[in-house]
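Asker: Attaching a single structure in C-alpha cells format; questions to follow.
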Amino acid sequence: MFGLPVQALHIYRNETATFRVRVASLVDMVNLAGPEISAAETVTVLNDMCVMAPGALADPRLSWEDVDDRSSMVRFTNGPHKVTATLVFDDDGLLVDFVSDDRPDSSKGTFVARRWSTPLSDYRPIADGVRVATKGATVYDHPQGPFAYGEFRMRSIAYDVS
C-alpha cells in the first residue's frame, strides 16, 4: 500500500476473531479483537461454508428460510454469535451472490454498518460434472456506490489431496 509492505491477518478460533493490519512489519494500522469483530467474522465463516464447503451446510447450527424462487435466507448460530445471509441462485441453481447486513466494514479500524456481499461468476466444470465459481469479489455497499476491496480468480483447484 503506497509502496510499503502491508500484512493483514484474520484469525477465527473458538468463536473468537482478531484482525490485525501492520505496515512495514512495524506499525499497526488496525488491531481489532472482541465481540464486534468476532460477530463480523462469523459471517465470513458462513460465507466460506456456502462458497467453498457446501457439504457443511447440513450443519445443525444453520436454519433456512425460502425467500423466493431464486433465494434463501440462512441463519448461523456459532456460540454467542447469530448472523444471517441471503443466498442468491441463478436459473441453474448455482450460487451467484451471498449478501449479509451482519458484517460491518472495519477497514479503518472502527465498525460501520454496511451491506456486504460476495458475488460469484464464471462457473466451470472441475470433475465429475461438478462446477465451481472461478471468479468472485468481496464488496461493501458504500453510500457512493459498491466498493470491491477484493477480487478473486481461481486458476486451479485440488481436492482429496493426501
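Asker: Return the pair list, or none, for Cβ contacts closer than 8 Å from residues in the range 139-156 that are under 16 Å from residue 44 (Cβ atoms) to residues that are of a type in the set (Lys, Arg) and open to solvent by less than 100 Å² (accessible area, probe 1.4 Å), at least 6 apart or on different chains.
Answerer: Final answer for the pair search is 140/114; 152/135.
Asker: Among (1) part of a loop (DSSP other than H, G, I, E, B); (2) within 18 Å of residue 17 (Cβ to Cβ), there is one condition residue 85 misses while meeting the rest; what is its number?
Answerer: Exception for residue 85: condition (1).
Asker: Give the residues of the range 16-35 that are open to solvent by 70 Å² or more (accessible area, probe 1.4 Å) and either in a strand (DSSP E or B) or out of contact with any strand residue (DSSP E or B) (no Cβ under 9 Å at 6 or more places or on another chain) (or both), sorted by residue number.
Answerer: Those that are open to solvent by 70 Å² or more (accessible area, probe 1.4 Å) and either in a strand (DSSP E or B) or out of contact with any strand residue (DSSP E or B) (no Cβ under 9 Å at 6 or more places or on another chain) (or both): 16, 20, 26, 27, 29, 31, 33.
Asker: Moving on to the next point. Can you pull out every residue in the range 117-129 that is outside any strand (DSSP E or B) and open to solvent by 100 Å² or more (accessible area, probe 1.4 Å)? Steps first, answer last, please.
Answerer: Let us first name the residues in the range 117-129 that are outside any strand (DSSP E or B), namely 118-119, 128-129.
Selection gives 128 alone.
Asker: Of the residues that make up the range 130-149, is at least one outside any strand (DSSP E or B), surrounded by 11 or more Cβ atoms within 10 Å (Cβ to Cβ), touching a strand residue (DSSP E or B) at 6+ places or on another chain (Cβ under 7 Å) and of a type outside the set (Gly, Ala, Ser)?
Answerer: No, there is no match, as no residue in the range 130-149 is outside any strand (DSSP E or B), surrounded by 11 or more Cβ atoms within 10 Å (Cβ to Cβ), touching a strand residue (DSSP E or B) at 6+ places or on another chain (Cβ under 7 Å) and of a type outside the set (Gly, Ala, Ser).
Asker: Still on this structure, I have one more. What residue, among those in the range 8-42 that are out of contact with any Asp or Glu (no Cβ under 6 Å at 6 or more places or on another chain) and among the small types (Gly, Ala, Ser), is nearest to residue 82 (Cα to Cα)?
Answerer: Here the residue is 39.
Asker: Right, here's the next one. Answer yes if at least one residue in the range 48-66 is open to solvent by less than 70 Å² (accessible area, probe 1.4 Å), in contact with a strand residue (DSSP E or B) (Cβ under 7 Å, 6 or more places away or on another chain) and of a type in the set (Phe, Trp, Tyr), and no otherwise.
Answerer: No: the range 48-66 contains no residue that is open to solvent by less than 70 Å² (accessible area, probe 1.4 Å), in contact with a strand residue (DSSP E or B) (Cβ under 7 Å, 6 or more places away or on another chain) and of a type in the set (Phe, Trp, Tyr).
The values are calculated or read from the model by the stated rules, or taken from the named source; none is laboratory data. Quantities reported herein were computed from a predicted structural model and do not represent experimental measurements. All Cβ positions, even for glycine, are placed from backbone atoms using ideal geometry, and neighbour counts span all protein chains on display. Note: areas computed on protein heavy atoms with side chains; ligands, DNA, RNA excluded. Shrake-Rupley method; radii C 1.70, N 1.55, O 1.52, S 1.80 Å.
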